[in-house]
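The values are calculated or read from the model by the stated rules, or taken from the named source; none is laboratory data. Values in this document were obtained by computation on a predicted structure and should not be read as measured data. Cβ sites come from the backbone with ideal geometry, for glycine too, and all protein chains shown count toward neighbours.
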Amino acid sequence: MAPTKTSKISLSASKSAVQKPNLSDVGAPSQLAQSTRKGKRAWRKNIDILPVEQGLESLRSEERVIGSTLQKQTDDQLFVVDTKGDDRVRKALPRYSKAELTATKILAQRSAVPAVFSRPTAPSRSKVSKADKERLLRIAKRPRKGPFNAVMDHTEFGAGSAAIDVSAAVKHSGSYDPWVVEEVEDIADGLEHTRKPKIKAKLSHPRDIIEVPAVLEPHQGSSYNPPAAAHEELITEAFKVELRRQEEADRMAEVRRKVAEARTHAANATEGLPLGMTLDEIPHDDGEPAPEEDTVVPKKPSAPKTKQQRAKALRLRAEKQALVEKAAKKRMLTTIMLAKSLRSSAEKTSQQQHQARLARQLALRMKLSKGLAGQRLGKYKVPENEIEVQIGEDLSENLRTLKPEGNLFRDRFRSLQQRALVEPRVPVLSVKRARLKEYEKHAWKRFE
């Protein structure tokens, strides 16, 4: 029997009823079509929850904009009586722009709800102690890390559920501070106890004391048109510096001369005589024979001592020893009587030494505050500032005819050395020089 037109229409209607609709507005899939009502699972699966999802989505949108729902806000937070107005409202509102992309608009909408982090925060961390955690890992036979970050085997001896702690050395590792000075209490029994020496943890650097500015103010006499008094004073200082250098050069020349003379005398010295002394030859007469050099003078044998002589020497030695002991005992008694005066003199001497040490330290600090110019620091000596002065004939009366002197780079480098920012150095010139190699071309080798 062929199907009628009515049956075809009912079949197509049933297929359209079974077909699933499109996705909902909120994004979740909806299955509103219900093919059968047999059983609780079919009813539970095909329930229409679109109104509930819309309500939840509206609450989420309020939370994204405000930070919480409107129902949780108070009246003071929602309403305000504006009596003055705000001119910055128009500036705060977003402006409409055709050139702005849709992605930029979406990213500009920031949510007031804080982001969710994958790592747990401090309040939400587990309160299980480290020892309990290790015990639970041992019971569960889970891999756990040892003292040296190595995975421990649960099958080894003592790695079961029993709690076995590490050694005391591992527990107290890193707690000892070698810079801490331990205080030793004095015991009243008269025994001596050694104290741990104090170690300075931080050493002072000379640059912390130096107060020399980076750029020194030039002397008034170094101007192109200086006053007469200032110019004479600067010339006098330059003369003193040159005189000191000349005296040092003369002293070094004298030392070199003495060293050369000493080497000459050492080369011409006679064995057994002091340096610089020569032995004159003794003239001999023709009739007398010359004494032989190899003749040996025989020693006169000493006579043996008698018994009385040995007893007398022993008695004299004993008397002498007794006198020495008596004098030492007398000095000791005198020292005991002068104990108080010696103690006061020792204290006075220690105070004087302490004051002298403080004075030396203060003088050294005062000297360091003026820079390291002229002092030896390490292998080399810190150079001093050169006094740049012109004699009266070379002075220029205007800036047009002024001749520049000095070098700014050398001045800055010398200033860094004097302020202990750069170690002193001297220019090292290479001893090896490039040799010119001469080559004879092939065309010049064969000529006819």
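Would the stretch 335-342 turn up any residue that is within 30 Å of V422 (Cα to Cα) and surrounded by fewer than 11 Cβ atoms within 10 Å (Cβ to Cβ)? No, the stretch 335-342 contains no residue that is within 30 Å of V422 (Cα to Cα) and surrounded by fewer than 11 Cβ atoms within 10 Å (Cβ to Cβ). Within the stretch 415-437, one or more residues are in contact (Cβ under 8 Å) with a residue 60 or more places away in the chain and under 30 Å from A228 (Cα atoms). For the stretch 408-437, the set of residues classified as under 29 Å from the mean Cα position of the chain (by Cα) and β-branched (V, I, T) consists of V422, V426, listed by residue number. Number of residues in the stretch 92-112 that are touching an Asp or Glu at 6+ places or on another chain (Cβ under 9 Å) and either basic (K, R) or in contact (Cβ under 8 Å) with a residue 24 or more places away in the chain (or both): the value is 2. The helices (runs of 4 or more DSSP H) falling completely within the stretch 1-96 that include 1 or more residues that are out of contact with any Lys or Arg (no Cβ under 6 Å at 6 or more places or on another chain), at pLDDT below 55 and exposed (fewer than 12 other Cβ atoms within 10 Å of the Cβ) map to 5-18.
Taking the stretch 209-251 as the search range and keeping residues that are surrounded by fewer than 12 Cβ atoms within 10 Å (Cβ to Cβ) and in contact with a helix residue (DSSP H, G or I) (Cβ under 8 Å, 6 or more places away or on another chain), which one is nearest to L399 (Cα to Cα)? In this case the residue turns out to be P227. For the stretch 358-383, name all the residues that are free of Cβ contacts under 8 Å to residues at least 40 places away in the same chain and either under 30 Å from P227 (Cβ atoms) or among the small types (G, A, S) (or both). Listed by number, the residues that qualify are A359, A363, G374. When L395, L402, L416 are checked against the criterion of being surrounded by 10 or more Cβ atoms within 10 Å (Cβ to Cβ) and touching a Ser or Thr at 6+ places or on another chain (Cβ under 6 Å), L402 stands alone in meeting it.
Okay, residues lined up against (1) closer than 22 Å to R244 by Cα; (2) modelled with pLDDT of 85 or more:
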| position | (1), (2) |
| --- | --- |
| Q361 | no, yes |
| R365 | no, yes |
| L372 | yes, yes |
| E384 | yes, yes |
| I387 | yes, yes |
| N398 | no, no |
| V428 | no, no |
| A434 | no, no |
| R446 | no, no |
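To keep it simple, each residue is scored yes or no on (1) modelled with pLDDT of 90 or more; (2) assigned to a helix (DSSP H, G or I).
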| residue | (1), (2) |
| --- | --- |
| L216 | no, no |
| G221 | no, yes |
| N225 | no, no |
| L234 | yes, yes |
| A238 | yes, yes |
| E242 | yes, yes |
| R245 | yes, yes |
| D250 | yes, yes |
| A253 | yes, yes |
